[in-house]
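Everything on this sheet refers to the single structure shown next.
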Amino acid sequence: MTNQRMPALFLGHGSPMNVLEDNLYTRCWHHLGEILPRPKAIVVVSAHWFTQGTGVTAMEKPKTIHDFGGFPQALYDTHYPAPGSPELAQRLVELLAPTPVALDKEAWGFDHGSWGVLIKMYPDADIPMVQLSIDKTKPAAWHLELGKKLAALRDEGVMIVASGNVVHNLRMVRWQGDSQPYPWAESFNDYVKENLTWQGPIAEHPLVNYLSHEGGLLSNPTPDHYLPLLYALGTWDGKEPITLPVDGIEMGSLSMLSVQIG
């Protein structure tokens, strides 16, 4: 355990098949688990818990959710039995006030956006973890503001891990043949990287106003996979280094960009 400030991560999680595969991205997540200071606990924000209002898992033993279909049986047989932390869930209720946070004691658990990356970082599943949902009724600026509130946890030994994809257009995926990135996907991915360290009023932040980019809507027909980035970015203190552990665009329209803050 360490008293140093924990990093915050945004991990491009991609296909659930990454759980079973050994590739550039999974090796990067594994490496992060080896080189980063070991957290006391983890708060994970996944694109796959997209809700009305904000919730947090508050059970002792969250279930592993296999929220996908048509994959090999080995994927459904994989579980991630990390312990929950009702105490950390309650801390989030207090920290995020006056935003109401519902304590979920039975409905959710860890979906593949969260356990799919953490099983590579911390395969022993021995770090207490809670998952925070994304309120789909709120604008992008609101999510960045909520990330700012999460920053305090980083000084309490808690790692923030946000999981999504900054380019996520499954309708345009090139399943076979040419998998070169679409020009708009590459352009938007670069736009995100160029604006990670932008400082100024939140309302004017290029990554809050991501739909103003010509490739913004094609890259994110829905906001669920993009918004987790703002939670991680919100924890930045304006001085820490922001680095890119791995980058790449798969099947033309799926960005695997990962961002490390601190």
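Some points to look at:
- Single residue of Glu240, Glu186 found to be more than 23 Å from Arg27 (Cα to Cα), surrounded by fewer than 23 Cβ atoms within 10 Å (Cβ to Cβ) and at pLDDT 95 or above: Glu240
- Selection status of Gly157, under 29 Å from Arg27 (Cβ atoms), at pLDDT 95 or above and small (Gly, Ala, Ser): yes
- Enumerated strands (runs of 3 or more DSSP E) restricted to the stretch 14-111, each holding at least 2 residues that are under 24 Å from Gly248 (Cβ atoms), among the small types (Gly, Ala, Ser) and touching a residue at least 60 places away in the same chain (Cβ under 8 Å): 41-51
- Against the test of being at pLDDT below 95 and over 25 Å from Pro98 (Cβ atoms), the options Val166, Val192, Val173, Val246 yield a single qualifying residue, Val173.
- Just one residue in the set Arg174, Arg154 is farther than 19 Å from Leu227 by Cα, within 20 Å of the chain's Cα centre (by Cα) and of a type in the set (Lys, Arg); that residue is Arg154.
- When the stretch 151-172 is filtered for residues that are in a loop (DSSP other than H, G, I, E, B) and surrounded by fewer than 16 Cβ atoms within 10 Å (Cβ to Cβ), the ones remaining, listed by number, are Asp155, Glu156.
- Qualifying residue in the stretch 74-91 (condition: surrounded by fewer than 17 Cβ atoms within 10 Å (Cβ to Cβ) and among the aromatic types (Phe, Trp, Tyr)): yes
- Flag if Ser179 is out of contact with any helix residue (DSSP H, G or I) (no Cβ under 7 Å at 6 or more places or on another chain) and assigned to a loop (DSSP other than H, G, I, E, B): yes
- As a summary of the residue check, Leu196 satisfies the conditions (1) among the aliphatic types (A, V, I, L, M); (2) part of a loop (DSSP other than H, G, I, E, B); (3) more than 18 Å from Leu150 (Cβ to Cβ) except for the one numbered (3).
- Options Val208, Val161, Val173, Val192: the member that is in contact (Cβ under 8 Å) with a residue 40 or more places away in the chain and touching a helix residue (DSSP H, G or I) at 6+ places or on another chain (Cβ under 6 Å): Val208
The values are calculated or read from the model by the stated rules, or taken from the named source; none is laboratory data. Treat the numbers as computed from the prediction; the structure is a model and nothing was measured. Methodologically, a virtual Cβ is constructed for each residue, glycine included, from the backbone with ideal geometry; neighbour enumeration extends over all protein chains shown.
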